[in-house]
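See below for the structure under consideration.
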Amino acid sequence: MWQIWAAVVVAILLAVVFLWLAIRAVRRSPERRVARSLGWWLAAVLAVTVALMGIGGASSGYFTSWRSVGLLLQAAFGADPDPLPPGERVRPVRATTNERGSVVEVMIPSTSPGVPDADSFVYLPPGYSQGAQEDYPIAYLMHGSPGYASDWFGAADLDGALDDLISTGALPAMIVLAPDMDLGRASEPVNYPGEGPQRATFFTQDVRSWAADHLPVRAAADQQVIGGMSAGGLGALTIGLGEGLGEFGGILSIMPYLTPEAAVVRGDPEALAAASPLPVIAAAGDLDGMPIYLGIPSVDGTGEGEQIAEALLAAGADVELHVVPGGHDWEAARLLALDGLPRLVADLGWQ
């Protein structure tokens with residue numbers, strides 16, 4: 001993290017220098033100020049922009065390393081991967097080893113109204129290229145709002161931690177699929193009313209059918225976990241206990257909240273009920289000991305998390321609520337994911 005803050009400081013210093021040079025150019029040659037100073041003004045604006053982006057990214061936990069910066073830029077501006085032909089398996093660009101897995105960028109085509117094809121990322125565990133197993137359990141992880149699928153492997157650096165846990169036997173080998181849910185500000189992976197995006201349907205139909213077609217994943221519900229952070233944490237609950245009820249063995253909900261922020265969803269009672277954890281839990285029926293992990297950073301407070309936990313317990317779920325010191329950011333999300341995922345894996349008996 002210190003490298004990112006150092007880059008921010010350098011960008012600020014460069015902005016000051018460029019501004020000084022621009023002002024100096026105007027003062028010394030007013031009759032030629034446009035030609036002499038335009039370049040310096042543009043450089044100053046660029047440096048200020050980089051500094052502001054760096055401050056925002058570092059403070060929110062998006063920029064935790066140079067790799068996180070690169071993955072975020074790749075997701076935002078890079079060329080999209082080509083869709084795989086039907087039935088073709090995902091192959092890592094860099095072959096896995098017995099100690100290190102690989103993250104692959106993939107394109108998930110969408111058939112859901114209002115949802116574009118999703119530039120997504122999949123983690124293949126150590127031993128995948130070596131044919132260590134015929135099939136694997138899978139964890140689906142959704143990002144927050146705003147955000148990209150790459151956040152789980154850039155900002156959270158989840159793949160590095162999984163490599164260590166899997167290669168040492170602390171976790172069984174698993175595949176992790178992070179679909180891009182097309183979330184801007186104040187939006188959630190839920191179905192919007194009317195002609196709005198059907199993001200929950202995209203997840204339950206397009207994402208899961210793509211995984212079954214292109215990844216060696218186990219089909220049984222107890223071999224699949226749905227999870228997410230922030231907006232994705234809300235979506236993990238509302239999809240996992242709503243449209244996807246019965247399709248997942250466990251839920252990893254990090255930083256969930258009670259009410260979606262999307263104004264168009266809040267303004268439609270039916271859509272709001274289908275996108276809010278408490279009504280969805282109430283409608284789900286007996287959860288029959290389903291393991292559900294709720295992870296809350298201290299900055300969020302425990303009020304909403306406790307309400308969700310109480311509703312889940314009343315519905316018969318096996319709930320673990322954990323609070324860690326930290327902010328509503330990717331550093332806390334990483335801590336909570338690495339605490340919650342092993343607990344769910346143990347509860348579900350993954351091997």
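None of the figures in this text is laboratory data; all of them are computed from the coordinates on show. The shown structure was predicted, so the numbers you read here are calculated from the model rather than taken from an experiment. Here the Cβ is made from the backbone with ideal geometry for all residues, glycine too, and neighbour counts use every protein chain on show.
Amide H contacts of Ser230 (H built 1.01 Å from N, in plane; Pro and chain starts excluded): Ile254, Met255 sit under 5 Å, all sequence-distant by 5 or more or on other chains. Expressed as a fraction of 2.2 N^0.38 Å, the C-alpha radius of gyration for the range 231-339 is 1.01. With N the number of residues in the range 86-348, Rg(Cα) / (2.2 N^0.38 Å) evaluates to 0.93.
In this simple spin-label approximation, Thr111 and Asp286 carry label points 7 Å from Cα along the Cα→Cβ vector, and these lie 3.4 nm apart. With each label modelled as a point 7 angstrom along the Cα→C-beta vector, the His322-Gln133 pair spans 2.0 nm.
Test of understanding: express the Cα radius of gyration of the range 139-199 as a ratio to 2.2 N^0.38 Å, with N the residue count. Working shown, then result.
On the way: Rg = 14.7 Å, N = 61, 2.2 N^0.38 = 10.5 Å.
Output field value: 1.40.
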